[in-house]
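Report on the structure given below.
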Amino acid sequence: MYVPLKGSMMTSGYLSISNQTMNDVEISSIDCSPVRAEIHETIVNSEGFMTMSKVSSITLDANSSTIFVPGGKHVMFWGLSGFDNEYLSCSFLLVDSDPVDFKFFVKKRG
Ligand SMILES: [Cu+2]
């Protein structure tokens, strides 16, 4: 993820996730508190405009992976202006399973 552009409250983060278990895993949401974060997906609507919307959940089949990329799935963050740590701790909340903790590496711009 990148720190927000100057004057912007929002920024986005990208990652890849792999499910190395024998079971399907459903990610219901992300928690990066105290930073507000949501899983989003960029979609092109019927008029050809790019919009993004909150993803209600992501299902990862057993032994599969998914990649968050610009123009696709991403994590949206709010209120990070002035954030000065190298990492942001987050966790994915799973349906029927314990949360998975991980860290975003926070890149400075320019
Ligand atoms: Cu977004």
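With only Lys, Arg, Asp and Glu charged, each at its Cβ (+1 for the first two, -1 for the last two), find how big the charge dipole of the stretch 10-105 is about the Cα centre; round to the nearest 20 debye. Before the final figure, lay out each step's value.
Working: 4 positive and 12 negative charges, 53 e Å.
My answer is approximately 260 debye.
Based on the alpha carbon coordinates of the stretch 1-60, what radius of gyration and maximum Cα-Cα distance (Dmax) apply, in Å?
Looking at the stretch 1-60, its Cα Rg and Dmax stand at 14.4, 45 Å.
What is the ratio of the Cα radius of gyration of the chain to 2.2 N^0.38 Å, with N the residue count, to two decimals?
Rounded to two decimals, the normalised Rg is 1.11.
Tell me which of SER64, THR42, ASN23 sits at the most positive position along the dipole axis of the stretch 10-105, charges placed on C-beta atoms (Lys, Arg +1; Asp, Glu -1).
Toward the positive end, the furthest listed residue is THR42.
Mind grabbing the base-10 log of I(q)/I(0) for the stretch 56-110 at q = 0.21, 0.23 Å⁻¹? Debye formula, identical points on the C-alpha positions, no solvent, two decimal places.
Listed by q, the Debye log ratios stand at -1.09, -1.22.
Straight-line reach only, C-alpha to C-alpha below 14 angstrom: list the aspartates and glutamates that LYS108 could link to, leaving out same-chain residues fewer than 8 apart.
ASP84, GLU86
Using Cα pairs closer than 8 Å and at least 6 residues apart in sequence, work out the relative contact order for the chain, in percent. Don't jump to the answer; show the numbers that get you there.
Numbers: 238 pairs, mean separation 41.1, N = 110.
Relative contact order of the chain: 37 percent.
Output wanted: per-residue J couplings in Hz (rounded whole) for the stretch 53-67, from phi through Karplus 6.51 cos²θ - 1.76 cosθ + 1.60, θ = phi - 60°, x for Gly and Pro.
9, 5, 8, 6, 6, 10, 9, 10, 5, 3, 6, 10, 9, 9, 10
What do you get for trypsin sites (Lys or Arg not before Pro) in the stretch 17-110 restricted to DSSP loop and a cutoff of at most 15 other Cβ within 10 Å of the site's Cβ? Let's see the in-between values first.
Details: sites: ARG36, LYS54, LYS73, LYS103, LYS107, LYS108, ARG109; in loops: LYS108, ARG109.
Answer by residue number: LYS108, ARG109.
Every read-out reported here was derived from the displayed coordinates using simple, explicitly stated rules and does not represent laboratory data. Predicted, not measured: the structure shown is a model, and the values here were computed from it. Every residue, glycine among them, receives a Cβ derived from its backbone with ideal geometry; neighbour counts consider all protein chains shown.
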